[in-house]
Amino acid sequence: MKITIFSFGLLYLLLSFCNCETTNSEIGNGPSKLTYQQLGNISYGDDPRQVYDIYLPKERNFNTKVVILVHGGGWFEGDKVEMNGFKDFIQQNFPNMAVVNLNYRLVTGNQNPHPMQVNDITAVVDHLKLKKQEYILGEELSFIGVSAGGHLSLLWSYAFDTTHQVNWVCSIVGPTNLMDDSYQNTENQGLKSMIGQFGTDPDFLKSASPLYQVKSTSPPTALFYGGVDPLIPNSQWQSLAARLTELEVPHELKVYENEGHGWILLPLLDTSVRLKAFIETHQ
């Protein structure tokens, strides 16, 4: 099941033009000569889906931070091109940050999304470490994910960041609890099929749910949700926000009461303003 998500790219075409260069550039001999560079479809695995685009800022160094973008699509569809608007958003507002926009393996047949897809994120992180000297980047990371990508971003940041690289994570309409009664007892066949990709074992569902993986040391978290989302029950953001409060994890929650699985115009502008302020606080 797929519902169209808003486009940050549209917002920034309306607001301003990004002054970033858009062509590949040679890397100079020293840090003062480094110029903007973008590289597309870098392979990090054997599967055709295991590729990422990387956008390297000029004058970067080994302290340059990296924002990783994770697309949605119900874990079985979607593409990194859908996150290009967020790439523009980061480049416009945080030109000293590098951006990685990744594809990951999608569910086909009887495959389970977990841990296949978080393993792909780990593979990307490992590949960035391998390429650190070539790209000239630091190891500090942050995540922005939408829908299924929000779920994966939260899950990796809470459960798989074993070296505490993640500075902050943002989930936009991402599921947080696969054990939620609203999922397990739904009569919506499309939703039942989508969540059913993870199986029915309670312990496994908890292992794949950010709600059950968050801890007091988890990174600052930004949550953006629609109050009438047909795919994300309100209990999803309510339960995670309550748990973050209980654990004293810095977080921001914004719910657009009359919006669904995505929004445009003034709510979208509000999201961009809030996300910019959140990043400025926690970068």
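Odds and ends about this structure:
- Long pairs among K131/K206; K87/K192; K87/K215; K33/K276; K58/K132; K65/K132, criterion Cα-Cα beyond 22 Å: K131/K206; K87/K192; K87/K215; K33/K276
- Carbon + sulfur, % of accessible area of the chain - ligands and nucleic acids excluded, 1.4 Å: 50 percent
- Proximal aspartates and glutamates relative to K129, as straight alpha-carbon distance under 15 Å, when same-chain residues fewer than 8 apart are discounted: D120, E139, E140, D161
- Extending 7 Å from the Cα toward the beta-carbon at both K206 and Q111 defines two label points whose distance is 2.8 nm.
- Cut-off 12 Å between beta-carbons: net charge of the residues surrounding S182, Lys and Arg +1, Asp and Glu -1: -3
- Remark: the stretch 171-283 projects, on average over all directions, an area of 7.4 nm² (convex hull of Cα atoms).
- Between helix 265-282 and the chain: long-axis angle, C-alpha atoms, 0 to 90°, nearest 10: 70 degrees
- Probe 1.4 Å, protein heavy atoms only - accessible area per residue of the chain in square angstrom: 44 Å²
- When the P(r) of the stretch 180-237 is calculated, the portion above 16 Å amounts to 53% of the C-alpha pairs.
The values are calculated or read from the model by the stated rules, or taken from the named source; none is laboratory data. These figures come from a predicted structure and were not determined experimentally. Backbone-built Cβ (ideal geometry, glycine too); neighbour counts: all protein chains shown. Side chains are part of the model used for accessible areas, which takes the heavy atoms of the whole protein and leaves out ligands, DNA and RNA. Shrake-Rupley method; radii C 1.70, N 1.55, O 1.52, S 1.80 Å.
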